[in-house]
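Notes follow once the structure below has been shown.
The values are calculated or read from the model by the stated rules, or taken from the named source; none is laboratory data. In this text, all values refer to a predicted model and were calculated from it rather than measured experimentally. As a convention, Cβ positions derive from the backbone with ideal geometry for all residues, glycine included, and neighbour counts pool all protein chains shown.
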Amino acid sequence: MDLEFSKEWLKEKGLVWNGRSLPYNGKLIDRARALRREMTKEEKKLWYEFLQKYPLKFYKQRIIDHYIVDFYCPIKKLVVEVDGSHHFTKEGIVLDSIRTDVLEIYGVSVLRFTNRQVLDDILFVRNEIDNYIKSPFNLSVSL
C-alpha cells in the first residue's frame, strides 16, 4: 500500500515524512539512538543471533509515528517487539493495543514475543519471524 500524507495532517500530528520511510516524530531521534546503544539482553540476543544477519534488512529502535519500535523490516512492513513485564500490566496491554492500531494504519504488522520466549526458546522466535516473512499470504515483497 502506497501512502501519501498531506503536509497539514503531518504538521497537526507533529510528524516528519521524507517520502521514503513512514512518518515519524523527529523529537524521538535522540531517544531512539540511546535505545540502540542500550538494548536489553533479550533484544541483543534476538538482534545478534538472528535479525542482524537476516537476508532482509531490519532496523533497531526505529521511529514510526510517535513510537519507537524494537525492530522494523521496511520491505515486509513488519515490526518485531520484545516485551518485558510492564507490557503485561493492565495499562501496558491497553497502550500496546493502541500502538498496534496506529501501526496498522500504516500497513505495518506487529509480531510480539516475551522476554522469556527470546531467552528460553529463540528457535521458536526465529521460526515465527521467518515463517511470517515467507508466508505467501503476506502481500509485501517476498524473499
Residues being under 23 Å from Ser97 (Cα atoms) and either modelled with pLDDT under 95 or of a type in the set (A, V, I, L, M) (or both) - total across region 47-64: 2
Tabulated pairs, region 49-62, first closer than 22 Å to Arg31 by Cα, second aliphatic (A, V, I, L, M) and in a loop (DSSP other than H, G, I, E, B), C-beta under 9 angstrom, 6+ apart or interchain: Lys57/Ile75; Lys60/Met39; Gln61/Met39; Arg62/Leu22
Close pairs (7 angstrom Cβ cut-off, 6 or more residues apart or separate chains): in contact (Cβ under 8 Å) with a residue 12 or more places away in the chain and under 11 Å from Phe50 (Cβ atoms) in region 111-134, charged (D, E, K, R) and surrounded by 15 or more Cβ atoms within 10 Å (Cβ to Cβ) anywhere: Val118/Glu42; Val118/Lys45; Ile122/Lys45
Condition met for Gln117 (modelled with pLDDT of 90 or more, of a type outside the set (A, V, I, L, M), in a strand (DSSP E or B) and surrounded by 14 or more Cβ atoms within 10 Å (Cβ to Cβ)): no
Output for region 78-101, where each listed residue is more than 21 Å from Glu128 (Cβ to Cβ), modelled with pLDDT of 80 or more and exposed (fewer than 14 other Cβ atoms within 10 Å of the Cβ): Val94, Ile98, Asp101
